[in-house]
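The values are calculated or read from the model by the stated rules, or taken from the named source; none is laboratory data. Treat the numbers as computed from the prediction; the structure is a model and nothing was measured. Methodologically, a virtual Cβ is constructed for each residue, glycine included, from the backbone with ideal geometry; neighbour enumeration extends over all protein chains shown.
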Amino acid sequence: MTKRKYNDINDFLEDESFENWVYQKNGTDINFWEFWIANNPDKSDLVNSAKDLILGISFKNNNVSEEKVALEWQKLQSKIKDKEAKPKQKVILLKKFSVAATILIIVTTGFYFLNRNSKITHKTHYGEILKVKLQDGSDVTLNSNSSLSYYKNESRKVWLSGEAFFKVDKKKATNAKFWVITQDLSIQVYGTAFNVSTKKKKTDVFLEEGDIWLSLKNGETKQMLPGNYISYSAKENRVLEDKDIDNSSLKTSWKDGTLLFEKLSLEKAMEKIEESYGYSVVFKDDKAKNTLITGAVPLTNIDICIEAIEKSVDVTIIKKDNSLIISKK
Amino acid sequence: MKKLTDKYIWKSLKKGDLNAFSVLFESYYSKLYNYGLKISKNETLTEDSLQDFFLYVYEHRENLSDLETIAPYLFLSYKRFLMRMMKKKSRFKYSDISNENVVDLEFTADELITNQEIVAFNNANLTKLLNNLPKRQKEAIYLKYYSGLKAREISEIMNINYQSVVNLLHKGIKSLKEDVSIAKLFN
């Protein structure tokens, strides 16, 4: 908040708190400006003009689709490579064999579109973990209730919903990128190991080693370094969490079939169980929610999992239909 | 974790970092495409010119001057680049763009949000009235509210000072409001 003088329209336009008032964004700023305007009736024309200027005209968000941008980038990238590798020879070849080249292009594009249509999808059910090896040699471990899809000719670009751990092979010669796309963001990868998990309203990314760049839905770009953990929601248009995690197995142990908990509340831990096994959890006793749990439970056998939890914290868990009912002993 | 600044991306690009270039490409492609389409009204030409433009930027990366913000440079150079291409393509078709700095942008009704924040602008004639504004006011309005640029960035693109940008926007919005209220009287 400022105590400066507001004499012309620029004084308002350059003031962030004024803009906050226009968009009704910040409680303190709103209060300040309501008060200020009531006490400066002679400035009301200026205030209205400045407000109109900030609001302006609203246009629809008319963005070029992500797929189109990616395609255009590939086009440009191959042009750059062509130019960098023996440009002269290329021209001569093109002139000599232009007819042959035209035919070749038609045939390959035909194949390209045919292949493009064959989309491959891997799906897992609750309590199931799947290891997938992609054509380029990259390893993907898919957690339960998740799906991974890609086009046959383009296995270095995958769509994910749910959770997966990636170990991507670096293509040194071509510098070809690996892409992971979720509802909230897309990740550009240059040979690396990382974990991605999408929930209803957010995507969590944890980088174990290497180098990745995130493009968030709101247009921001972020570079991640090893140990970084980021949680972003496109719906809320903000980064929910951004921190460093020392013990990487807390985020990635699931790929070896176990969930690790370290002083986690039972409530949070049971959320993980819900996601993995598809049971809904009912707490009979609210006090049990805050009990801290430390230990490992299996991800593919619900009975052993229940037993392990019962042993490490003082609760009884009853499995009934699709619910787990928890009560204090 | 660091948020990438324009300065950092630009520096990496100048060193030939293709990853930085791809970040630049992906952040600006959509905005430049829409801008180019507004100027040329031709999808193929816009697409081709953007390919050539980005290739040009990459090939000349070593000669580029240091930048704090990238948007004004890209918008201005792309505009010049595209207009040169348009002139080459047809001398007659685009003969009205003799002055390189002034473009005539045309808005369509389906680009506007029907429920405007300024209530007076909730008017069926808004597109028509908007298109009747002077060219420079329209360009400032486009860059500010469509492309989401800051007044300072717009001043670099339009090659005028900050105050002139504010004045253009102010005049544009003000006369639009008056036009809307006049139009309402006759409806």
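What the table shows:
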read-out: Residue match in segment A:305-317 (condition: polar (S, T, N, Q) and over 24 Å from A:T141 (Cα atoms)); value: yes
read-out: Per-region count, segment B:2-19, residues part of a helix (DSSP H, G or I), more than 9 Å from chain A (Cβ to nearest Cβ) and either buried (at least 20 other Cβ atoms within 10 Å of the Cβ) or in contact (Cβ under 8 Å) with a residue 24 or more places away in the chain (or both); value: 6
read-out: Residue within segment A:226-234 that is part of a loop (DSSP other than H, G, I, E, B), crowded, with 21+ Cβ neighbours inside 10 Å and more than 12 Å from chain B (Cβ to nearest Cβ) present; value: no
read-out: Positions within segment B:41-52 being surrounded by fewer than 20 Cβ atoms within 10 Å (Cβ to Cβ) and more than 10 Å from chain A (Cβ to nearest Cβ), in sequence order; value: B:K41, B:N42, B:E43, B:T44, B:L45, B:D48
read-out: Candidates A:L216, A:L225, A:L250, A:L207 - the one that is of a type outside the set (K, R) and over 24 Å from A:K170 (Cα atoms); value: A:L250
read-out: Segment B:53-81 - residue that is hydroxyl-bearing (S, T, Y) and farther than 15 Å from B:G36 by Cα and, of those, surrounded by the fewest Cβ atoms within 10 Å (Cβ to Cβ); value: B:S65
read-out: The one condition in (1) of a type in the set (D, E, K, R); (2) crowded, with 17+ Cβ neighbours inside 10 Å; (3) closer than 26 Å to B:Y8 by Cα that B:K38 fails to fulfil; value: (3)
read-out: Flag if B:L32 is under 15 Å from the mean Cα position of the chain (by Cα), on the phi < 0 side of the Ramachandran plot, outside the structural domain of B:I154 (by TED's automatic domain parsing) and not β-branched (V, I, T); value: yes
read-out: Positions within segment A:179-210 being in contact with a Gly (Cβ under 8 Å, 6 or more places away or on another chain) and within 14 Å of another protein chain (Cβ to nearest Cβ), in sequence order; value: A:V189, A:Y190, A:G191, A:T192, A:F194, A:L207, A:G210
read-out: Per-region count, segment B:121-147, residues over 13 Å from B:L168 (Cα atoms), in contact (Cβ under 8 Å) with a residue 24 or more places away in the chain and surrounded by fewer than 15 Cβ atoms within 10 Å (Cβ to Cβ); value: 2
